Structures are given as C-alpha cells and as structure tokens.
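The values are calculated or read from the model by the stated rules, or taken from the named source; none is laboratory data. Values in this document were obtained by computation on a predicted structure and should not be read as measured data. Note that each Cβ is placed from the backbone with ideal geometry, even for glycine, and that neighbours are counted across all protein chains shown.
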Amino acid sequence: MATPTTAEVAYENPLIPNAKLRQIYAAMVRARLLGKALAKRRRGQGALGLEACLVSTSVDLGQDDFVSDAVMDGTVDFLRGAMFRSTLGGTVQALRDTTLESVLRPDDKARRRGLNADCGAPSRLPAMPANEARLWTAMGIAFELKAQHAHGRAETNADAAKRDGVVVVYARPGEGSPALWRNILAFAAEHLLPVLFVVLRTVQRQGANAKATRSGAMSAVSHRHGVPGMAVDADDAVALYRVAQEAIARARIGGGAALMECVPFLVEGTKRLPQTTGDAIEGLERYMLARGVATKRWMEREAESCARRIVK
C-alpha cells in the first residue's frame, strides 16, 4: 500500500503509528466495497456496517493466530489476503476450511493453503453447522495453543513467546444461548485461554428504535464469569484497535481471555441510532485528515484502486 505523497506529518501517535492508521483505513474501504459487491450478488447486508469491528480486531493477526468467523461472507477471508475473484465467486472459496487435524499441527502447510506464502495471515477455523460446535471448537484450539505456549516457553527464550498464537472469535448479537455463553466464558476464564471474543454490532435499519438494539449486556455477563468485558464504540476504528491490541497482547503472554462488545455509542439526548453504512469510515477519514496522516487525494486513490479490482 502506497503512503501519502504529502509532506511531513505533524503528529505521530506512538500508540498507533500513522502507517497503521493508513493500513486500517485502506482495509476498511476495501471491505466496504467488497461488502457492497457481495450484497448485489447475494442479497443481505453481510459485513456492511461491520468494517471497523472486523478490521481493527484482525489487522495485527499473523500466521500463528486463528479466526472463528461468524460473518462467513468472504470479508474476513479477504482481509486475511484472499483475492477478490475467489471471494466474489458463487460460493466463498477464497480459502479452504482447514480440518481439525491440520489446525492442531502448527507446522502443517495445509494451514496456509489458498493464501500467498508471505501474507502472514491467520488461519480460519472450520465452518460448523451450529453455533455451539463453532464456539467449542474455538475453545479446543485455544486450549491446544495454551499447551503449545507452555511447551514453547519451557524450551525457548522470552522473545519467542511474544508471537504465541491467539484465537479471535467473532460472534453475532444473540448468537448462542445464555447458558452456552456462561459455559464458554467460564471455561475460558478457568483455563486462562488465549482468546479474544468480539461480539459484533447489530447492523441497524433506518428508523429503528435505539432501545431495541442498544447493548452492553454481553460485557456484563463476561465480567460475571471471570473474563474482562469491554463495550467499545463500533464506529470508532481507533478505539477498537487500541482495545484489541491490548487484549491480544495480554492473551499472548498468558493473561487469559477478554471480550469486546462492539456497540453503537449515542450522543446524550439521541433517541435513534444513525445509519451504519458510512459512520466508521467517515469518522476515521476526519481523524486522519485533521492530523495530517493522509490527504483526501490519497484516500480517493485507495478507493479507486480497490474498485478497479472488483470483478464486474
């Protein structure tokens, strides 16, 4: 990805380098364009409105990490390095679902089939026919990763442990019963599993009442079962990135699981939720332009370049 051609940047945030902000922005724009193309072909909203939630929580994942995907429309595969053409196919075949056996062998090349060898993307866990199977499979992988972490730390130095793998579990609001989540969270807390649960926002339809979708309940449930839970503004890519970065770093060093709940934050006195098809990207645009991180022309070129790659 090319960097802006403007002059010196006035301010470089040490917590989120400007290059990382540009990477997040470009990925969100691409995910938005891909979501629109997928929606035209298959109907439904797919990952539209979830760009900040997906990009900010996955941008720093690597080949030692795993993703359990609740969206399954190709967007997460695309963000991991899959090509547009395969993602836009009649069925999503951008990546082969790995088998459980290959997942549990970290040196198995089958984990990286379908990806460029140097893309460093995390592996997607197998698609499951039921929410319960998907979530428990993710816990099993996290349990195995923890065992591998312990073995690796016993044989290597501390630097090697910095890239210990984690599992990011995306979940739709209401996915799974309360009893299932109680058991999942209690298990993750008891075993200090290297997991980040990301509860995705509800994509709001125009004119719907805010009280119907306003949340934060999952964060409270998570706390009660020993897993730190945080409600984060679903339209604030910077806040989402910082929380995910801290939670994943904590999981890598054995600190255990965490849960992020992506929720719409409302200005006091607001009764209805805003449209969710442009807020996150427009908000990041304003943030970057105000700080000299990128130019408007650079943003336009990123969108134009991506649009040309979409199969018509």
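Computed values, structure above
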{"item": "Any hit, segment 267-276, residues being within 17 Å of A47 (Cβ to Cβ) and either modelled with pLDDT under 80 or aromatic (F, W, Y) (or both)", "result": "yes"}
{"item": "Residues that are within 19 Å of the chain's Cα centre (by Cα) and aromatic (F, W, Y), drawn from segment 167-188", "result": "Y170"}
{"item": "Residue list for segment 221-269, restricted to those being of a type outside the set (A, V, I, L, M) and more than 26 Å from L192 (Cβ to Cβ)", "result": "D233, D235, D236, P264, F265, E268, G269"}
